[in-house]
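The values are calculated or read from the model by the stated rules, or taken from the named source; none is laboratory data. A quick note: this is a predicted structure, and the numbers were derived from the prediction, not measured. When we count neighbours, we look across all protein chains shown, and the Cβ atoms used for this are built from the backbone with ideal geometry, even at glycine. Heads up: the accessible areas ignore ligands, DNA and RNA and are worked out on the full protein's heavy atoms, side chains in. Shrake-Rupley method; radii C 1.70, N 1.55, O 1.52, S 1.80 Å.
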Amino acid sequence: MKLTNSDRIVHRQFSDYGRNAKEWLRKCALLLPEINRRQIWKKRGCGSIYEYAAKVAGMSKHSVDEALWVVRKIETQPELVKLFEQKGLRAV
């Protein structure tokens, strides 16, 4: 079945939004250690960083744990942080 022009437009929008969502989740993941250090999650009335990340960014407990672990390991290595920013957790 062939896509119509309007189908292509909707598909393109969906793809762009998905790509942007991934980019913003990567940016959120990079901020998690600082959020944790400053206990911003507590100041915002959340019971844990997991609750905060879920409410604010829609992140799962697993993705928070994974991001905190990886970012903690790479935060002193700017080239790996840059790779994480561009390609995500799996690239590191």
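Structure data summary
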| quantity | calculated |
| --- | --- |
| Lone unmet requirement of (1) open to solvent by less than 60 Å² (accessible area, probe 1.4 Å); (2) free of Cβ contacts under 8 Å to residues at least 12 places away in the same chain for Asp7 | (1) |
| Boolean, Glu66 is at pLDDT below 95, open to solvent by 60 Å² or more (accessible area, probe 1.4 Å) and part of a helix (DSSP H, G or I) | no |
| So Gln13, is it without any contact (Cβ under 8 Å) to a residue 60 or more places away in the chain and on the phi > 0 side of the Ramachandran plot | no |
| Residues located in the stretch 38-63, provided they are assigned to a loop (DSSP other than H, G, I, E, B), among the polar types (S, T, N, Q) and either crowded, with 16+ Cβ neighbours inside 10 Å or in contact (Cβ under 8 Å) with a residue 40 or more places away in the chain (or both) | none |
| Selection count, the stretch 79-92, where residues are open to solvent by 60 Å² or more (accessible area, probe 1.4 Å) and modelled with pLDDT under 85 | 6 |
